[in-house]
Amino acid sequence: MFDIVTAPTRAKLADGRDLLFFALPGHDPAPVADRRPLPERDPDQSELRFDRSTGQWVIVAARRQDRTYKPPTDQCPLCPGPTGLTSEVPAPDYDVVVFENRFPSLAGAGRPAVVPDGDGFVSAPGHGRTEVICFSSDHTGSFAELRPAHARLVVEAWRHRTADLMGVPGVEQVFCFENRGEEIGVTLAHPHGQIYGYPYLTPRTAAMLGQAREHRIHYGDNLFAMLLAREIDDGSRIVARNELFTAFVPFAARWPVEVHIYPNRFVRNLIELDDDELDAFARLYLDVLGRFDRMYSGPLPYISALHQFADTEAQAEGYFHVELMSIRRGATKLKYLAASESAMDAFISDVTPESVAQRLAALA
Ligand SMILES: [Zn+2]
């Protein structure tokens, strides 16, 4: 089992944002004062607008347009800044660090966004939280290259933030994710992810929970547990397994590369996993990312999405899992979301899920 220090070291950035250091055993974070002259934070940086035609909220965060875009390596805001003048992380070094996004699309505590009766336009404050998580101080590294103990520390940071943000008034859903690769639109090369606390259930999560409620009514069991059991039983799309977690390409995969990772036991979120399961999760996650990077000559661009659910009646059927997806459909080809996907949400896949699973399974 990995030795884990669970309590982070807390600090503040010059404009009052929270900064949390998660350290490997024996490492002592030594933050210095953030001496940058940062402008005061704008409490009204975004707004939610409700689209009555789809029943979905849209976040309008128009003030983020001047955020940092592909800076040169020596001006990376995520590399450690020992002088307190150059970086979002004022410290000589770090293992894993989390801080509030300087250009947030959601900020501040409030109430969950609700749609009042009536038929007019509806908007709401863009309350919630957006955080950045740096996986390592090594600018040129990647998640896949982390040592297992370090990956486990990232999992611990995700877990800590999930517990914290689920307690923020108004936050309905906590979403930890990574966008990796310029092809996905990443503007900072430094290995990092983000954590959102939304003031509403996102459309895809709401749809999945709706399916799961229907399934419960008709069949009396959990939809996701049934899907996992069927995938294991079928076996043709299994990519990798350990005693406590299973990774597979789903039966109806939408993306050229898509892998879902499930714990073998039903839990709603990272907080409910025990130590052995957290270790097993870190190992299988690294295993899958390693396979991704062996598919082509260069690293695979991907999106990693942690689907976590709160212990509430509305989210009771939610089964914690990770969905990984890539738009790379060949060594030199990317899949773009064009008319059918973007306009109609009707996905067309150019590959069979079984062939992708076979390829990934062989890349151990
Ligand atoms: Zn960097």
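Answer with yes or no whether ALA163 is assigned to a helix (DSSP H, G or I), in contact (Cβ under 8 Å) with a residue 24 or more places away in the chain and farther than 26 Å from PRO112 by Cβ.
Values: assigned to a helix (DSSP H, G or I): yes; in contact (Cβ under 8 Å) with a residue 24 or more places away in the chain: yes; farther than 26 Å from PRO112 by Cβ: no.
It is false that ALA163 is assigned to a helix (DSSP H, G or I), in contact (Cβ under 8 Å) with a residue 24 or more places away in the chain and farther than 26 Å from PRO112 by Cβ.
Please verify whether ALA310 is part of a helix (DSSP H, G or I) and at pLDDT 95 or above, treating the condition exactly as stated.
no
Yes or no, residue by residue, for (1) closer than 30 Å to PRO80 by Cβ; (2) surrounded by 14 or more Cβ atoms within 10 Å (Cβ to Cβ); (3) in contact (Cβ under 8 Å) with a residue 12 or more places away in the chain:
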site: THR187; (1), (2), (3): yes, no, yes
site: GLY197; (1), (2), (3): yes, yes, yes
site: TYR219; (1), (2), (3): no, no, no
site: ILE232; (1), (2), (3): no, yes, yes
site: ILE238; (1), (2), (3): no, yes, yes
site: PHE248; (1), (2), (3): no, yes, yes
site: ALA253; (1), (2), (3): no, yes, yes
site: PRO263; (1), (2), (3): no, yes, yes
site: PHE266; (1), (2), (3): no, yes, yes
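From (1) at pLDDT 95 or above; (2) more than 16 Å from the ligand (Cβ to nearest atom), pick out the condition that doesn't hold for PRO169.
That leaves (1) as the condition not met.
Of all residues in segment 200-230, count the ones that are outside any helix (DSSP H, G or I) and either under 20 Å from ILE271 (Cα atoms) or within 16 Å of the ligand (Cβ to nearest atom) (or both). Before the answer, list the steps.
So the first thing to find is which residues in segment 200-230 are outside any helix (DSSP H, G or I), and the list is 200-202, 220-222.
Of the ones still in play, those that are also either under 20 Å from ILE271 (Cα atoms) or within 16 Å of the ligand (Cβ to nearest atom) (or both) are 201, 222.
Within segment 200-230, residues that are outside any helix (DSSP H, G or I) and either under 20 Å from ILE271 (Cα atoms) or within 16 Å of the ligand (Cβ to nearest atom) (or both) number 2.
Evaluate segment 175-182: report whether one residue or more is without any contact (Cβ under 8 Å) to a residue 60 or more places away in the chain, within 16 Å of the ligand (Cβ to nearest atom) and either over 21 Å from ALA91 (Cα atoms) or not hydroxyl-bearing (Ser, Thr, Tyr) (or both).
No: zero hits.
Condition first: away from the ligand (no atom under 16 Å from the Cβ), under 21 Å from SER46 (Cβ atoms) and within 16 Å of the chain's Cα centre (by Cα). Now tell me which residues in segment 183-199 satisfy that.
GLY185, ILE195, TYR196, GLY197, TYR198
Among the listed residues GLY181, GLY197, GLY141, identify the single one that is among the small types (Gly, Ala, Ser) and on the phi > 0 side of the Ramachandran plot.
GLY181
The values are calculated or read from the model by the stated rules, or taken from the named source; none is laboratory data. On a predicted model such as this, the values are computed, not experimentally measured, just so you know. Glycine gets a Cβ as well: all are built from the backbone with ideal geometry, and neighbour counts include every protein chain shown.
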